[in-house]
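Please read the structure below before turning to the comments.
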Number of protein chains: 2
Amino acid sequence: MDENELPRVLQQLWGIEGRSRPGPKPAFHISDIARAAIKLADAGGLAAVSMSKVAAELGFTTMSLYRYVDAKDDLYVVMLEHAFAEPPVLDPELDWRGRITAWAEAFRDGLRRHPWILQIPIQEPPLSPNQLAWMESGLDAFDGTPLTPQDRLSAMLLVNIYVRGTAQLTANMLTEPDEVRVADRLYTERLTMLATPDRFPGIAATLEQPLDEGYAGDFDAAEFGFGLNTVLDGIHTRITRATR
Amino acid sequence: MDENELPRVLQQLWGIEGRSRPGPKPAFHISDIARAAIKLADAGGLAAVSMSKVAAELGFTTMSLYRYVDAKDDLYVVMLEHAFAEPPVLDPELDWRGRITAWAEAFRDGLRRHPWILQIPIQEPPLSPNQLAWMESGLDAFDGTPLTPQDRLSAMLLVNIYVRGTAQLTANMLTEPDEVRVADRLYTERLTMLATPDRFPGIAATLEQPLDEGYAGDFDAAEFGFGLNTVLDGIHTRITRATR
DNA sequence: GCACACTGTGTGCGCCATACACAGACCATA
DNA sequence: TATGGTCTGTGTATGGCGCACACAGTGTGC
């Protein structure tokens, strides 16, 4: 009974094959759809992904996609599942901090490779194989700590949220690195103009500080690691309390 | 020169009035547009907001909106600006932790009141008055700490990201509290079915743990505060290091 | 009082997701 | 081996969307 309730996309992603059926053989597979859609999204953002464009990319008609996918949202699920392939293998030699850091960086790399992921409207919590594998991988990073399963979930989600959030901040500016610089400079200019020291002293103080070279280009690796470490320090405190 | 570059929406939001001009008086104001759009969004989510529906709500034609707003994205900016009015006044008696907690909770309340905010595709960093006021308010929470302006920005962003992220997690499920319960139970069922202990031991362990009553209904205040405290512990560690 | 910038409006375009009916392909069964 | 039913890809059609553009009327600065 439960199996029937599983949406078709999830059934296909988990490889729950229907028994051999009458009718013509399907001409392709959802993974083909995923590949075509990801290609379009990598090139032109999520806006470049439409049912008709994906179908054209595959050489089929728009409506043929609906034989594989119930709705556009399912297309997103399939794209997400294929964009994040296997989670990283975490070095068991490392402590929890090293492991979750590696996990976070791998996640970040994925988001950098496919920035359109951040544009996907999230409707439901993840249930597809690779998504669960990433979850599992993140939870496993806390093996050996005294954290309860619930605590591990919270901690993993915290890191997950942090990575997504920072990626969001940097991905606001468009894709081209040059454009990032320009948009950033323009933003700073405008902010300097609008955030006057009398009404916005805190913001003004931030702007007075000369930007580090490292920071200028992007919310780069150093800054990312710095913020991540703050989060991990918080988790560390929790672990210490749990040990006591 | 710089003023001319400012997008029209921002000019209007900052109250930079153009000199008195020829032609008919405008029939309404962007704040009317904001009110109408927010009303629609509160009732039916961001999907219920279209140029034509907003215009109809106001009793005007679709195209009239474009006399006030250059594009749909600007409409979002206006909605955001009006949905988050004044930031909370932070009690100066409190320490930084109390202040930033109050700020985070106020932010969270705003997101709860207008869940559609999370659906708005963020294209640019904020430059509108209330948005900057919230930024300022968040930065001010760290007054009296040894953190540098840059550190305060990072810390504020960290809290901001946390609140957004957790709100995102809970808002995935739809609006009705009952639906949350149902969706949550359904998710747990499916997860239990798919995340078998052999392949996903970490996830399975999380599921075995009986859910607290408090947790069941929602990612509620207690859980929110718990995660927030973890983040604040991390910031506390940074402050301690800066003091030393 | 006049020129002209500005107002709200009507029409129309191209794109989107997707409902539905259809003709042909193929397997399980007889 | 024949056949029924189910599945395939396709063509057509619908209602919505954001928005470009031309227009007639309005009101201010000169």
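Taking the conditions (1) free of Cβ contacts under 8 Å to residues at least 12 places away in the same chain; (2) closer than 25 Å to A:V231 by Cα in turn, B:A183 satisfies each one other than (2). Among the residues of the stretch B:14-35, are any within 25 Å of B:L111 (Cβ to Cβ), aromatic (F, W, Y) and in a loop (DSSP other than H, G, I, E, B)? Yes, that holds for at least one residue. From the list B:V54, B:V78, the one residue that fits, being touching a residue at least 60 places away in the same chain (Cβ under 8 Å) and in a helix (DSSP H, G or I), is B:V78. One residue stands out among those in the stretch B:14-34 that are in contact with a Leu (Cβ under 9 Å, 6 or more places away or on another chain) and away from DNA strand D (no atom under 16 Å from the Cβ): the one that is most open to solvent (accessible area, probe 1.4 Å), which is B:I16.
Within the stretch A:46-63, is there a residue that is within 12 Å of DNA strand D (Cβ to nearest atom), among the charged types (D, E, K, R) and under 25 Å from the mean Cα position of the chain (by Cα)? No, the stretch A:46-63 has no match at all. Looking at A:R97, A:R35, A:R67, just one residue is in contact (Cβ under 8 Å) with a residue 40 or more places away in the chain, within 14 Å of chain B (Cβ to nearest Cβ) and among the charged types (D, E, K, R), and that residue is A:R97. Scanning the stretch A:41-48 turns up one or more residues that are modelled with pLDDT of 95 or more, within 15 Å of DNA strand C (Cβ to nearest atom), within 14 Å of chain B (Cβ to nearest Cβ) and open to solvent by 70 Å² or more (accessible area, probe 1.4 Å). Residue pairs whose Cβ atoms lie under 7 Å apart, sitting 6 or more positions apart in sequence or on different chains, and linking a residue in the stretch A:143-167 that is more than 27 Å from A:R113 (Cβ to Cβ) and more than 7 Å from chain B (Cβ to nearest Cβ) to a partner that is crowded, with 18+ Cβ neighbours inside 10 Å and of a type in the set (K, R), are A:D151/A:R238.
B:V69 fulfils the conditions (1) assigned to a helix (DSSP H, G or I); (2) within 12 Å of DNA strand D (Cβ to nearest atom) except for a single criterion, (1). The residue of the stretch A:57-66 that is least open to solvent (accessible area, probe 1.4 Å), among those that are in a helix (DSSP H, G or I) and either near DNA strand C (Cβ under 9 Å from one of its atoms) or of a type outside the set (A, V, I, L, M, F, W, C) (or both), is A:L65.
Considering the conditions (1) away from DNA strand C (no atom under 13 Å from the Cβ); (2) open to solvent by less than 30 Å² (accessible area, probe 1.4 Å); (3) of a type outside the set (D, E, K, R); (4) within 14 Å of chain B (Cβ to nearest Cβ), A:Q11 is excluded by exactly one of them, (2). Of all residues in the stretch A:85-105, those that are crowded, with 19+ Cβ neighbours inside 10 Å, modelled with pLDDT of 95 or more and under 15 Å from the mean Cα position of the chain (by Cα) total 2.
Per-residue answers, yes or no, for (1) at positive phi; (2) modelled with pLDDT of 95 or more; (3) open to solvent by 20 Å² or more (accessible area, probe 1.4 Å); (4) out of contact with any strand residue (DSSP E or B) (no Cβ under 9 Å at 6 or more places or on another chain):
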site: B:H114; (1), (2), (3), (4): no, yes, yes, yes
site: B:P121; (1), (2), (3), (4): no, no, yes, yes
site: B:E124; (1), (2), (3), (4): no, no, yes, yes
site: B:N130; (1), (2), (3), (4): no, yes, yes, yes
site: B:A133; (1), (2), (3), (4): no, yes, yes, yes
site: B:S137; (1), (2), (3), (4): no, yes, no, yes
site: B:A141; (1), (2), (3), (4): no, yes, no, yes
site: B:R152; (1), (2), (3), (4): no, yes, yes, yes
site: B:A155; (1), (2), (3), (4): no, yes, no, yes
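The values are calculated or read from the model by the stated rules, or taken from the named source; none is laboratory data. These figures come from a predicted structure and were not determined experimentally. Note that we place each Cβ from the backbone using ideal geometry, even for glycine, and neighbour counts take in every protein chain shown. Surface areas here come from the heavy atoms of the whole protein model, side chains and all, with no ligands, DNA or RNA. Shrake-Rupley method; radii C 1.70, N 1.55, O 1.52, S 1.80 Å.
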